[in-house]
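Heads up, the thing below is written out as structure tokens.
The values are calculated or read from the model by the stated rules, or taken from the named source; none is laboratory data. Just so it is clear, the model here is predicted, and its values are computed rather than measured. A quick note on method: Cβ atoms are made from the backbone with ideal geometry, for glycine too, and the neighbour counts reach across all protein chains shown.
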Amino acid sequence: MDFRRLTVEDCLRLPREEREKLVSLSLETIERLDPKIKAFISVNGNVSFRREGEFWGVPISIKDNILTLGMRTTCASKILENYESVFDATVVKKLKEKGFAIVGKVNLDEFAMGSSTERSAFFVTRNPWDLERVPGGSSGGSAASVAAGMVVASLGSDTGGSVRQPAAFCGVVGFKPTYGLVSRYGLVAFASSLDQIGPITKTVRDAAILMSVIAGRDPNDATTVERKVDFLSGIEDGVSGMRFAVPEEIYEHELEKGVAEAFEESLRLLERLGARVERVRLPHLKYSVATYYIIAPAEASSNLARYDGVKYGLRLKGTGLRETYMKTRNVGFGEEVTRRIMIGTFTLSAAYYEAYFNKAQRVRKKIASELNDVLSEYDAILTPTSPVTAFKIGEIKDPLTYYLMDIFTIPANLAGLPAISVPFGFSNGLPVGVQIMGRRFEDGKVLRIARAIEKHSPYNEDGRFPLPEVEA
């Protein structure tokens, strides 16, 4: 049994004696490979799991901004470095009830603010395809742990592309569900109107399986909805007769040559499978990054106000309450988190609220309306997941260039739409991701389209994208 290649479906087919070995095989692989990859913040060496659940013994990692009882939840920040979760997030509870074995918590950009996992307060996670490159972010630890074969699957969070972009960089599948389908209870908040938990897996079918486990209304999260979505039954039905929209605006951005070539090849594949691909105009799409970087920091400024050295987490005592606040936050928060809190606080101030935050909310509605209008005529909108493949660690210094990494992923968060990144082809030996964005609550159709690409991709082996070779 080659543990590194196992999918969730593979695990379900194993005889009982083989299932019993999965956790120990995962922990052995982590011990062997993680010193080089550095995906894990905490490893659960004494993991226990319910043996009567359907998925008993399947090893999974959890992004370290999702609360997991009995383990630390650090958000890769010094301000929560020693914080231990006091309850399970709803998604974690659901996984445990089904028998999944949580073998560890994985690295991220601090408080999920970043696109490379370089912004972790503890260490940089490395891309299993090239250890000199980033795995993407902010769910870089999740994507790297799956791509390296240390776990069978992982859960991440996606606020502006943080599941899909690292999945693209690492050659795995990353799915952001419709906003409201998955409970955020127990997810440490970054931007509450944008955050959504989603799976990172080796195959599209595995993503659908995990969605079947974690989706559902939760009384602890008022933003969840009572909506039955079938993620699996039609997943093999193909794309014949479907119509897909490709925004003209993506060609106005500088795409890496290999990314553009792989994307065009994926469009030709869909046409051979019986779909129609047409160009459309989405004129407000160009404002999505600017809109996001007003709304998300504003919500972060509000959400992160609770880390004040009084309630929990790091406390550096000063002479008086104000100095305690300042010392704790100056030491506890990293540069990127501090930058976004300051931007958010500025845009929420009385003098600039209307000029920035309110205007951004109006533009957000226009972007969502535009996307929904196109999706009323087409089955999905297709783009590359990222304009580039994984860049070298330390290569990007300018924050604006860094923020533009999310140019194609942000619109789905602004509009609350389901979107998936599926690996397709290579550029300079590194994986390329294709993004499929669909109508609200048509998550099953988005997975079906992604499965068609995966199933017929000339780059796949045994129906799945190849895994990188990682030397211990």
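Candidates in the range 30-52 are the residues that are under 23 Å from the mean Cα position of the chain (by Cα) and β-branched (V, I, T); of these, the one that is surrounded by the fewest Cβ atoms within 10 Å (Cβ to Cβ) is V43. Based on what the data block shows, is S212 under 25 Å from G344 (Cα atoms) and not charged (D, E, K, R)? Answer is no for this residue.
Residues of the range 58-80 being of a type outside the set (D, E) and under 15 Å from V163 (Cα atoms), which ones? S61, I62, K63, N65, I66 - these are the residues of the range 58-80 that are of a type outside the set (D, E) and under 15 Å from V163 (Cα atoms).
When you check E249 against the structure, is it over 30 Å from A121 (Cα atoms), surrounded by fewer than 18 Cβ atoms within 10 Å (Cβ to Cβ) and of a type outside the set (A, V, I, L, M), yes or no? Against the criterion (over 30 Å from A121 (Cα atoms), surrounded by fewer than 18 Cβ atoms within 10 Å (Cβ to Cβ) and of a type outside the set (A, V, I, L, M)), E249 does not qualify.
If you take just the helices (runs of 4 or more DSSP H) that sit entirely in the range 1-83, which of them hold at least 2 residues that are more than 17 Å from F100 (Cβ to Cβ) and free of Cβ contacts under 8 Å to residues at least 40 places away in the same chain? Reasoning before the result, please.
Details: elements: 8-13, 16-19, 22-37.
Hits in the range 1-83: 22-37.
Looking at (1) touching an Asp or Glu at 6+ places or on another chain (Cβ under 7 Å); (2) closer than 16 Å to I79 by Cβ; (3) outside any helix (DSSP H, G or I), which is the one condition that is false for V337? Result: V337 passes all but (3). Screening E256 on (1) touching a Lys or Arg at 6+ places or on another chain (Cβ under 8 Å); (2) of a type outside the set (V, I, T); (3) surrounded by fewer than 20 Cβ atoms within 10 Å (Cβ to Cβ) shows it passes everything except condition (1).
Please pick out the residue among T328, T324 that is in a helix (DSSP H, G or I), modelled with pLDDT under 95, crowded, with 21+ Cβ neighbours inside 10 Å and over 24 Å from the mean Cα position of the chain (by Cα).
Result: T328 is the single residue among T328, T324 that is in a helix (DSSP H, G or I), modelled with pLDDT under 95, crowded, with 21+ Cβ neighbours inside 10 Å and over 24 Å from the mean Cα position of the chain (by Cα).
Are any residues in the range 333-363 basic (K, R) and surrounded by 14 or more Cβ atoms within 10 Å (Cβ to Cβ), and if so, which ones? Residues satisfying the conditions are R339, R340, K359.
Take the conditions (1) closer than 16 Å to V151 by Cβ; (2) of a type outside the set (D, E); (3) surrounded by fewer than 18 Cβ atoms within 10 Å (Cβ to Cβ); A101 misses just one of them, which is (3). Could you tell me whether F441 is surrounded by fewer than 23 Cβ atoms within 10 Å (Cβ to Cβ), of a type outside the set (D, E, K, R) and in contact with a Leu (Cβ under 9 Å, 6 or more places away or on another chain)? Answer is yes for this residue. Checked against (1) within 15 Å of the chain's Cα centre (by Cα); (2) within 29 Å of D2 (Cα to Cα), G160 passes all but a single condition, namely (2). Within the range 367-402, being farther than 21 Å from G241 by Cβ and touching a Phe, Trp or Tyr at 6+ places or on another chain (Cβ under 8 Å) holds for I367, T383, P384, T385, S386, P387, T389, A390, I396.
Residue-by-condition table, conditions (1) within 29 Å of S386 (Cβ to Cβ); (2) out of contact with any helix residue (DSSP H, G or I) (no Cβ under 8 Å at 6 or more places or on another chain):
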position: I60; (1), (2): yes, no
position: I66; (1), (2): yes, no
position: C75; (1), (2): yes, no
position: K94; (1), (2): no, no
position: G99; (1), (2): no, yes
position: N107; (1), (2): yes, no
position: A112; (1), (2): yes, yes
position: T117; (1), (2): yes, no
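Output yes when any residue across the range 117-136 is within 11 Å of I41 (Cβ to Cβ), aliphatic (A, V, I, L, M), surrounded by 24 or more Cβ atoms within 10 Å (Cβ to Cβ) and under 17 Å from the mean Cα position of the chain (by Cα), and no when none is. No, because not a single residue in the range 117-136 is within 11 Å of I41 (Cβ to Cβ), aliphatic (A, V, I, L, M), surrounded by 24 or more Cβ atoms within 10 Å (Cβ to Cβ) and under 17 Å from the mean Cα position of the chain (by Cα).
Within the range 173-196, is there a residue that is outside any loop (DSSP other than H, G, I, E, B) and over 25 Å from G99 (Cα atoms)? Among the residues of the range 173-196, not one is outside any loop (DSSP other than H, G, I, E, B) and over 25 Å from G99 (Cα atoms), which makes the answer no. Looking across the range 155-172, the residues that are outside any strand (DSSP E or B) and under 18 Å from A215 (Cβ atoms) come down to V163, R164. Of the residues examined, L304 is one that is aliphatic (A, V, I, L, M) and farther than 22 Å from P411 by Cα.
L314 - would you say it is outside the structural domain of P423 (by TED's automatic domain parsing) and of a type in the set (A, V, I, L, M)? When the stated conditions are applied, L314 passes them. Condition check for L12 on (1) closer than 18 Å to E110 by Cβ; (2) surrounded by fewer than 21 Cβ atoms within 10 Å (Cβ to Cβ); (3) of a type in the set (A, V, I, L, M): one failure, at (1).
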